[in-house]
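Below: the structure, in structure tokens.
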């Protein structure tokens, strides 16, 4: 049985559902598998023969989404230890590590990977050690550990070079290209894929060649070189079709790459043809549950891009009924797409509902990962001290969920307050227009209305003041909670939420402090909120400067709030990803009013242009979705550039009544 990078990539998808509890009952294939294994292990075969059978057959059950092989793998490890067969034991360690990796139990996975590599080090010139290094490099890439990823890849290449394994070097370069995309190093990823192709075009099998061309196509798609991507993926698919018998699995994967490329270029008819062929090949086989789900999702995306939002919603609604949607990692994407479709249909209540549902889905996924890790700790440590630590972590998760629900509740209250503020402002405007048309006989009534207007202004200032106070209360709660959070991911999420709340609080502070209760001067606002965000990053951002170039521009509160939230997200991402080595740098903010009441906002930094963060119309993170949703709410569009750093330009048109 071969142990290769490509095998692990393929089986990572197949086994993902296993550890999310999808299979509740044994399938006929599993029953037959267990019967055959039990029959072999209970027979009078020698232990070495039983071990060989486990090594050769344990992975076959991966095709039916189950963790059934785990006890047999452990039995094989026991037999290998008794027989002192270090080579076979190393193989089984890596297989078991891979099962735990795709199941999210990363501590267990790391320990079994390390045990496997330790055994293979007894055979330092062997191909298996190199394959183990490539597998562990993939694991490190998923943990965003670039140093370990590069170290293990180069160790693998050294071993292959020692016995002139050209084909293996080529496939390793292709695997390394895949990992470089994981670090968002797109140009380097393309270079390694092309380097692998140069070798595999001569030394590789048809499958190797197709996999290399598919990787090159994927790199070009990420770089938005769509014609080149189509060219390479067409050649890739041609190789697969000519290779008899045709591999349905390879063809499905490569058709999916081409369909997504066609969607990006707007060639929806071609994309639908590929999706239809994928559906024919899948034919409701549970082996392809993930691919079946994604092709339906892509059809919804096509309808959405064709502005057939209602039809797109029907497809997304059907996907929500799939029991494996969350396990496939698509639930939050589908809910986010529904939110954007409802925005396009001007159904903002529904859009807000699905936006919150998407956010909650992401929270549940993160909580699931955290619970798996806690279970792993409970398995490894049995002392009372460790039990206290686990209880503390559970308490922190509970507090975090309480705060999240409080934030959602406060958001609803704030929405009502914002709506009431807007209605009060509109009422005051209509009253003033009516008063201007009255004649001298209505002066007494006009005086009474003027008094009422002053009362409304006082009331409106009080509302803004109270909203600001409520938001500061939320900020204080988040700050208090952050003091007891040790998980860096959770701490970052709380800090980002605190900054978002601060950006809204500052708007209401400016409103009640200024003379104009319906508009905010944005230059002063950007300077205040920008410096506050930089200060929140402490020493990491100590040398980062803030540069604001713009005239005085006033915007109404309904426009200023989404602009403030967008600015918060973009400055935060610059501080997190553009200045990775705490070097000095500059973040600039510019806003100007162009012809036809077009407002242009530009936020840029001069940091590392190939940072891990990028804004994309297909992003699924909360920050990215928030920027997209708010820009859509403004009726605007986003453009980005990575020349000399990273810059984001957002353009939108002011409503006539606001531009007057």
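Every residue, every condition in (1) in a helix (DSSP H, G or I); (2) farther than 28 Å from residue 153 by Cα; (3) modelled with pLDDT under 90, yes or no:
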{"residue": "77", "(1), (2), (3)": "yes, no, no"}
{"residue": "81", "(1), (2), (3)": "yes, yes, no"}
{"residue": "88", "(1), (2), (3)": "yes, no, yes"}
{"residue": "104", "(1), (2), (3)": "no, no, yes"}
{"residue": "108", "(1), (2), (3)": "yes, no, yes"}
{"residue": "114", "(1), (2), (3)": "yes, no, yes"}
{"residue": "124", "(1), (2), (3)": "no, no, yes"}
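Considering (1) farther than 20 Å from residue 638 by Cα; (2) in contact (Cβ under 8 Å) with a residue 40 or more places away in the chain, the lone condition that residue 525 does not fulfil carries the number (2).
Given the criteria assigned to a helix (DSSP H, G or I) and either at pLDDT 80 or above or surrounded by fewer than 19 Cβ atoms within 10 Å (Cβ to Cβ) (or both), does residue 129 qualify?
Against the criterion (assigned to a helix (DSSP H, G or I) and either at pLDDT 80 or above or surrounded by fewer than 19 Cβ atoms within 10 Å (Cβ to Cβ) (or both)), residue 129 does not qualify.
Pairing each residue of the range 184-209 that is touching a residue at least 40 places away in the same chain (Cβ under 8 Å) with any residue that is in a helix (DSSP H, G or I), provided the two are 6+ apart or on different chains, yields C-beta distances under 7 Å for 186/219; 186/222; 207/250; 208/167; 208/170; 208/171; 208/200.
Do we have residue 33 as assigned to a helix (DSSP H, G or I), buried (at least 20 other Cβ atoms within 10 Å of the Cβ) and modelled with pLDDT of 70 or more here? Yes. The lone criterion from (1) in contact with a helix residue (DSSP H, G or I) (Cβ under 8 Å, 6 or more places away or on another chain); (2) surrounded by fewer than 21 Cβ atoms within 10 Å (Cβ to Cβ); (3) modelled with pLDDT of 85 or more; (4) within 28 Å of residue 28 (Cα to Cα) left unmet by residue 329 is number (3).
Residue 233 fulfils the conditions (1) surrounded by fewer than 23 Cβ atoms within 10 Å (Cβ to Cβ); (2) touching a helix residue (DSSP H, G or I) at 6+ places or on another chain (Cβ under 9 Å) except for a single criterion, (1). Taken across the range 276-290, residues that are modelled with pLDDT under 85, buried (at least 16 other Cβ atoms within 10 Å of the Cβ), more than 30 Å from residue 408 (Cα to Cα) and within 22 Å of the chain's Cα centre (by Cα) do occur, with at least one present. Evaluation of residue 95 against the conditions (1) under 29 Å from residue 190 (Cα atoms); (2) at pLDDT 80 or above; (3) touching a helix residue (DSSP H, G or I) at 6+ places or on another chain (Cβ under 8 Å) shows that the sole unmet condition is (1). Would you check if residue 167 is closer than 30 Å to residue 578 by Cβ and surrounded by fewer than 20 Cβ atoms within 10 Å (Cβ to Cβ)? Spelling it out, it is not the case that residue 167 is closer than 30 Å to residue 578 by Cβ and surrounded by fewer than 20 Cβ atoms within 10 Å (Cβ to Cβ). Here residue 148 clears all of (1) surrounded by fewer than 16 Cβ atoms within 10 Å (Cβ to Cβ); (2) in contact (Cβ under 8 Å) with a residue 24 or more places away in the chain except the condition numbered (2). Examine the range 151-159 for a residue that is buried (at least 20 other Cβ atoms within 10 Å of the Cβ), within 30 Å of residue 202 (Cα to Cα) and under 26 Å from the mean Cα position of the chain (by Cα), and state whether such a residue exists. Yes, the conditions are met somewhere in the range 151-159. Here residue 161 meets the list (1) free of Cβ contacts under 8 Å to residues at least 12 places away in the same chain; (2) closer than 28 Å to residue 108 by Cα almost entirely, failing just condition (2). Among the residues of the range 627-639, those that are in contact with a strand residue (DSSP E or B) (Cβ under 6 Å, 6 or more places away or on another chain) and either surrounded by 13 or more Cβ atoms within 10 Å (Cβ to Cβ) or at pLDDT below 85 (or both) comprise 631, 634, 636, 638. Among the residues of the range 299-328, those identified as free of Cβ contacts under 8 Å to residues at least 40 places away in the same chain and part of a loop (DSSP other than H, G, I, E, B) are 306, 307, 308, 320, 321, 322, 325.
Keeping to the range 558-583, report how many residues are in contact with a strand residue (DSSP E or B) (Cβ under 7 Å, 6 or more places away or on another chain) and either surrounded by fewer than 17 Cβ atoms within 10 Å (Cβ to Cβ) or in a helix (DSSP H, G or I) (or both). Before the answer, list the steps.
Step one: filter the range 558-583 for residues in contact with a strand residue (DSSP E or B) (Cβ under 7 Å, 6 or more places away or on another chain), giving 560, 563, 566-567, 570-571, 574-575, 578-579.
Next cut, either surrounded by fewer than 17 Cβ atoms within 10 Å (Cβ to Cβ) or in a helix (DSSP H, G or I) (or both) only: 560, 563, 566-567, 570-571, 574-575, 578.
Residues that pass the stated criteria total 9.
The values are calculated or read from the model by the stated rules, or taken from the named source; none is laboratory data. Just so it is clear, the structure is predicted and the values come from calculations on it, not from any experiment. Neighbour counts are summed over all protein chains in view; Cβ atoms, including those assigned to glycine, are modelled from backbone coordinates with ideal geometry.
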